[in-house]
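Below: one structure, written as C-alpha cells.
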Amino acid sequence: MQGRSPQLSMELNRLLLLTSFLLHVKEDHASPTRLVCDNRLIQKYILEAKDMEKRVGQCQALPVLSCPVVLPLVDFSLQQWKSKSNETKRREILCDLALLVGAATGALGQVSEECGARQLSQLYQHANSFFLLLQTFSWEAGHWELSCSPHSMEQTHITSVFLTYRQLVQGKLRFFFHDLAKVLCKQGQGGSRDPPCGAQ
C-alpha cells in the first residue's frame, strides 16, 4: 500500500466516488442530491476537467481528425439562463452532453496515440456519468424523449472536445447545480453551500 502513487490513489478515489454515486442512483432517485448539495463535488469535477484539458495539450503528435466531430456551442447568457425553467436547463445540458459523448466516441475511433486515447476515454466516462445523472432529475411526469436541436459546430482538433467539456462543466452545469440546490438543499445542509462566483 505504501508504494501506491498519488495519481493511482486519486484515480481509485474517483472510481470509488463514481461507483458509490451509481449505486445510490439505482437505489434511490433522491440520492443524486448529494452531488448538488455538496459544492465540493462540482468544484472537483471542474478541476478534473481543467486537468484533462491540460494533459491532452501535453500529448505528443495528436492527429487532426479526418472525420470532424460535432460539438455543442456551450456559451450562454447568464441573464437568459436565469429566465429558463430547471427542466429546460436540464434538457439543454443533456443535449450538450449527448453531443459531447458522441464526439468523444468519434474521436476515439480515430486516435491510436496512447496519451490522447487515454484522455478521451476519461472524458467520455465523465461526460456519460453526468448524462446519466441528469436523467435522474425531471420536473415533468411520464415518459419523455430527448429531442435536441442544439447549436453546434464541426471540429477536427481533439483539444476542442476538452475545451468544450470544461466550458460546459464550468458554466451551465455549475449554475444548474446551484439552481437545483436552492430547491433541493433547503432542508438540512442547504445553508452550507456557497454560490458559484458571479451567481446571485
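The values are calculated or read from the model by the stated rules, or taken from the named source; none is laboratory data. Bear in mind the structure is a predicted one, so any value in this text is a computation, not a measurement. Here Cβ is always computed from backbone atoms with ideal geometry, including for glycine, and neighbour counts include all displayed protein chains. In case anyone asks, the SASA skips ligands and DNA or RNA and just uses the protein heavy atoms, side chains included. Shrake-Rupley method; radii C 1.70, N 1.55, O 1.52, S 1.80 Å.
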For Val64, state whether it is part of a loop (DSSP other than H, G, I, E, B), open to solvent by 40 Å² or more (accessible area, probe 1.4 Å) and aliphatic (A, V, I, L, M).
-> yes
For the stretch 104-118, indicate whether the set of residues that are buried (at least 16 other Cβ atoms within 10 Å of the Cβ), within 19 Å of Gln155 (Cβ to Cβ) and touching a Lys or Arg at 6+ places or on another chain (Cβ under 6 Å) is non-empty.
-> no
Conditions (1) within 22 Å of Cys148 (Cβ to Cβ); (2) open to solvent by 80 Å² or more (accessible area, probe 1.4 Å): number failed by Lys50 | (1)
Only one of these conditions is not met by Gln79: (1) outside any helix (DSSP H, G or I); (2) modelled with pLDDT of 90 or more; (3) among the polar types (S, T, N, Q). Which number is it?
-> (1)
Please go through the stretch 75-88 and pick out each residue that is in contact (Cβ under 8 Å) with a residue 40 or more places away in the chain and open to solvent by 10 Å² or more (accessible area, probe 1.4 Å).
-> Asp75, Phe76, Leu78, Ser85, Asn86, Glu87
Residue in the stretch 36-45 that is farthest from Tyr165 (Cα to Cα), counting only those that are under 12 Å from the mean Cα position of the chain (by Cα) and open to solvent by 10 Å² or more (accessible area, probe 1.4 Å) = Leu41
Among the candidates Leu146, Leu133, which residue alone is modelled with pLDDT under 90 and within 10 Å of the chain's Cα centre (by Cα)?
-> Leu133
